[in-house]
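The values are calculated or read from the model by the stated rules, or taken from the named source; none is laboratory data. Quick caveat: nothing in here was measured; it's all calculated off a predicted structure. Because the Cβ atoms are built from the backbone with ideal geometry, glycine has one as well, and the counts that use them run over all protein chains shown. With ligands, DNA and RNA removed, areas are computed over all heavy atoms of the protein, side chains included. Shrake-Rupley method; radii C 1.70, N 1.55, O 1.52, S 1.80 Å.
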Amino acid sequence: MNGLLSIYKKKDESSATLSATLHNGLKSLSHRGGAAHSSFIADSRMHPATVEDDAPARLAMGSCSSRDDASHIARNGDDILFFEGRLINKADLCKQLSVASGDISDAGVVMRLLEAEGAACFKQLKGFWSLMYLDAANKTLYGARDHFGCRTLYFCNSGRQFALASESRTLYTLFDDVRSINRYTVMDFLLWGNIGKLDQYFYNDIHSLEPSHFVKYEIATGKLTVERYYTLPYNHSREPYDPLPEKQYSDRLGSLLTESVSKNIQLFDGALAVGVSGGMDSSSLICAAKKVDPQRTLVAYTTTDSYDGGEAYWAEKVVRHTGVEWIKVLCTPDDILEKLYDTNCVHNIPVYNASSFAQYRMMEEIKKQGQAVFIDGQGGDEMFGGYPDYFPLLLQSLRKNGEWGNWWRELSQVGNTSMTVKDMFMRSLKLWAKAHYYNPQKLAQKKRKFLYEALMPHERDRYFNLPSPIPAVKKEILNDALFESYTLFLGNILRWGEHSAAAHGIECVMPLSDNPDLTEYVFSIPSKYKIHNGWNKYLHRKSMIGTVPDEICLRKQKKGFYIPEQNWLNETGDAMLADIQKMDDPENCINKSYLTGNWNRLYTPANLLFQQFAFRCYSYLLWREGLSKLSVK
């Protein structure tokens, strides 16, 4: 794992000054790789420059790495590439290039492909990666990110500089002209709990490069473009469920999933940490890993609490099945209050609920135990159909397709998702009302009245008068919704695990999100096989029979990354109120007089929605306080 940083100054600067800026930026990224810095300085012609006080320079590129070698850097004349991550298809690419896999690094492979094909080669790079590349002859600087967002990359483009970095916090710290806060995002976060959707990273001038995209800065003209290099194909058909191809689908899916796990774990030596919740995704990964490499040391980690043990009951079944070592990580309300500031700093944006803190605590323990690689199951819900809100869309598509028999069968077996028929009707009704009756402001006034009043009117009204930056995706079948989740939102979900792991120097590997071969196959399968007979993740469950314990494959309960949220909020309320009263709100988004004046009346166990909102206000103000400290460095 490396931290990447490039800085192009639009006016000459002394090479010593630019080098010092690069060094400070890499220091802020050192948790991602180590203290070993590699750097490159160039003049206005994009020729290498020496680091002298009076030597003019324009470009500085560098990385921090725990590795002593330069395997993450490739050179060809004045062209230079800094690469972060791993290729799971390196052997295939080497065969294509007619080179021995053992004689060339991943960075070397990518450089060869760039020489031959330019930016068109990004589509071929399967795995988890981000990169920076200087095409010196054409005076062009590139940044690129993997297909589905397993690795992060941010950029800013002001009147003074164009820059790329692995984390937004680095750009915020280095450049005072890109520190403007995006109030729309703040309001969206506070009111709805939306987080990191598309380019909403709380800044007006620091942007996330989206998955499957590259950014190109043409130095001679100052032109900046962002282009997509890959679009996930998917099955749009409305064809009804047919039992005949089911086994073929499930067998192939099981094979590809196991192969993806194998390709990922083969990249690393030594013991591997695996987060195990007892759900299908994490269980599939650890069981498949044990199957393909029985001798590999695997250590399972599960977050627990002092109330009901969290997911330990189900995780234990997987641990017994695989025979791996098991470490339970206790999370308490006191931990949240003590470490939420650090957690916000790690994520570069405010944490929206305590599950991200629990994930951060798990990474702390993994580092303490000495593992350097973490296997993460993110991406399964978005690919296989794991969220409850997908079910009403399935019913809608069956109804529109005139499949009334199948519609009734699915509705009558909705208990397999741990919901009742009444629950499903209520979900469907709410989705219909949001689409046809309530506009966002009316919905907030009706359903989130106390939250609405706890926001400053001028910013609140401005928020509702601005168009949403989220593109509308017409969702008629389940695959439409899965495509939206996997391609528009997944990269921001993956960032939580990636940043938590990177903060502790841990490599985060995501076999359900870094393999286009697996993803494309799943999305080629018609929607009706993703949810069937009332089971979400139907085909995923079928594909893992014999690998994952039957109790897990037939588990109806869906909790995700479980936390005892209600209990934690009950116990932290007084402390949060005291801190909220003391902290500044520079953007003046929160109506603090209303929030604090009505706290005792509204912050109750019966009003979970307000408690969650109060936590977001607390988290946001704590994060904003941290930014203020960064900006004065």
- From the list Leu512, Leu482, which residue is in a helix (DSSP H, G or I), among the aliphatic types (A, V, I, L, M) and out of contact with any Asp or Glu (no Cβ under 6 Å at 6 or more places or on another chain)? Leu482
- Message: Considering only region 566-580, I want to know if a residue exists there that is touching a Lys or Arg at 6+ places or on another chain (Cβ under 8 Å), at pLDDT 95 or above and open to solvent by 10 Å² or more (accessible area, probe 1.4 Å).
- Response: no
- The lone condition Asp281 fails out of (1) within 16 Å of Met362 (Cα to Cα); (2) in contact (Cβ under 8 Å) with a residue 12 or more places away in the chain; (3) among the acidic types (Asp, Glu); (4) out of contact with any Pro (no Cβ under 9 Å at 6 or more places or on another chain) is (1)
- Query: How many residues does region 305-324 hold that are crowded, with 20+ Cβ neighbours inside 10 Å and touching a Gly at 6+ places or on another chain (Cβ under 7 Å)?
  - Reply: 4
- Query: Is it true that Gln359 is within 21 Å of the chain's Cα centre (by Cα), of a type in the set (S, T, N, Q) and within 30 Å of Ser180 (Cβ to Cβ)?
  - Reply: yes
- Message: Would you confirm whether or not region 262-270 contains a residue that is at pLDDT 95 or above, in a helix (DSSP H, G or I) and closer than 16 Å to Gly546 by Cα?
- Response: no
- Message: Can you pull out every residue in region 238-262 that is more than 19 Å from Phe523 (Cβ to Cβ) and among the charged types (D, E, K, R)?
- Response: Lys247
- Looking only at region 522-564, and only at residues there that are within 22 Å of the chain's Cα centre (by Cα) and of a type in the set (Phe, Trp, Tyr), the one that is farthest from Gly385 (Cα to Cα): Tyr562
- Could you list, in sequence order, the residues of region 111-131 that are charged (D, E, K, R) and assigned to a helix (DSSP H, G or I)? Arg112, Glu115, Glu117, Lys123
- Please work out which one of (1) at pLDDT below 95; (2) buried (at least 17 other Cβ atoms within 10 Å of the Cβ); (3) over 30 Å from Leu569 (Cβ atoms) is the condition Leu298 fails and give its number. (1)
- Query: Is it true that Glu218 is open to solvent by 10 Å² or more (accessible area, probe 1.4 Å), modelled with pLDDT of 95 or more and in contact with a Leu (Cβ under 8 Å, 6 or more places away or on another chain)?
  - Reply: yes
- Write out, first by first residue and then by second, each pair whose Cβ atoms fall under 6 Å of each other, whose residues are 6+ apart or on separate chains, and whose first residue, in region 209-225, is closer than 14 Å to Ala137 by Cα while the second is of a type in the set (A, V, I, L, M, F, W, C). Tyr217/Leu141; Tyr217/Phe162; Tyr217/Leu224
- Task: Please give the number of the condition Tyr341 fails out of (1) buried (at least 21 other Cβ atoms within 10 Å of the Cβ); (2) at pLDDT below 95; (3) hydroxyl-bearing (Ser, Thr, Tyr).
- Result: (1)
- Message: Just checking, does region 288-296 include any residue being at positive phi, touching a residue at least 12 places away in the same chain (Cβ under 8 Å) and part of a loop (DSSP other than H, G, I, E, B)?
- Response: no
- Note on the structure: Scanning region 545-565 for residues that are touching a Lys or Arg at 6+ places or on another chain (Cβ under 7 Å) and part of a loop (DSSP other than H, G, I, E, B), the one surrounded by the fewest Cβ atoms within 10 Å (Cβ to Cβ) turns out to be Thr547
- Subset of region 1-32 [closer than 18 Å to Ile73 by Cα, within 23 Å of the chain's Cα centre (by Cα) and open to solvent by 10 Å² or more (accessible area, probe 1.4 Å)]: Met1, Ser30
- Query: What pairs come up if the first residue lies in region 101-114 and is on the phi < 0 side of the Ramachandran plot, the second is in a helix (DSSP H, G or I) and open to solvent by less than 20 Å² (accessible area, probe 1.4 Å), and their beta carbons are under 6 Å apart, counting only those six or more places apart or on different chains?
  - Reply: Ser101/Cys94; Val109/Leu93; Leu113/Cys121; Leu114/Cys121
- Task: Starting from residues that are under 16 Å from Gly196 (Cβ atoms) and open to solvent by less than 10 Å² (accessible area, probe 1.4 Å), keep the ones in region 457-491 and report whichever is nearest to the chain's Cα centre (by Cα).
- Result: Gly491
- Task: May I ask you to verify whether Tyr562 is touching an Asp or Glu at 6+ places or on another chain (Cβ under 9 Å), of a type outside the set (Lys, Arg) and closer than 30 Å to Leu512 by Cα?
- Result: yes
- Item | Output for region 517-544, where each listed residue is of a type in the set (D, E, K, R) and either surrounded by fewer than 19 Cβ atoms within 10 Å (Cβ to Cβ) or without any contact (Cβ under 8 Å) to a residue 24 or more places away in the chain (or both) | Asp517, Glu520
- State all residues of region 281-293 that are closer than 20 Å to Asp517 by Cβ and either crowded, with 22+ Cβ neighbours inside 10 Å or among the polar types (S, T, N, Q) (or both); if no residue qualifies, say none. Asp281, Ser284, Leu285, Ala288, Ala289
- Query: For region 366-377, how many residues are open to solvent by 30 Å² or more (accessible area, probe 1.4 Å) and either within 24 Å of Leu512 (Cβ to Cβ) or touching a strand residue (DSSP E or B) at 6+ places or on another chain (Cβ under 9 Å) (or both)?
  - Reply: 3
- Note on the structure: Taking region 240-277 and keeping only residues that are surrounded by fewer than 12 Cβ atoms within 10 Å (Cβ to Cβ) and either in contact with a strand residue (DSSP E or B) (Cβ under 8 Å, 6 or more places away or on another chain) or of a type outside the set (S, T, N, Q) (or both), one is left with Asp242, Pro243, Leu244, Lys247, Asp269, Gly270
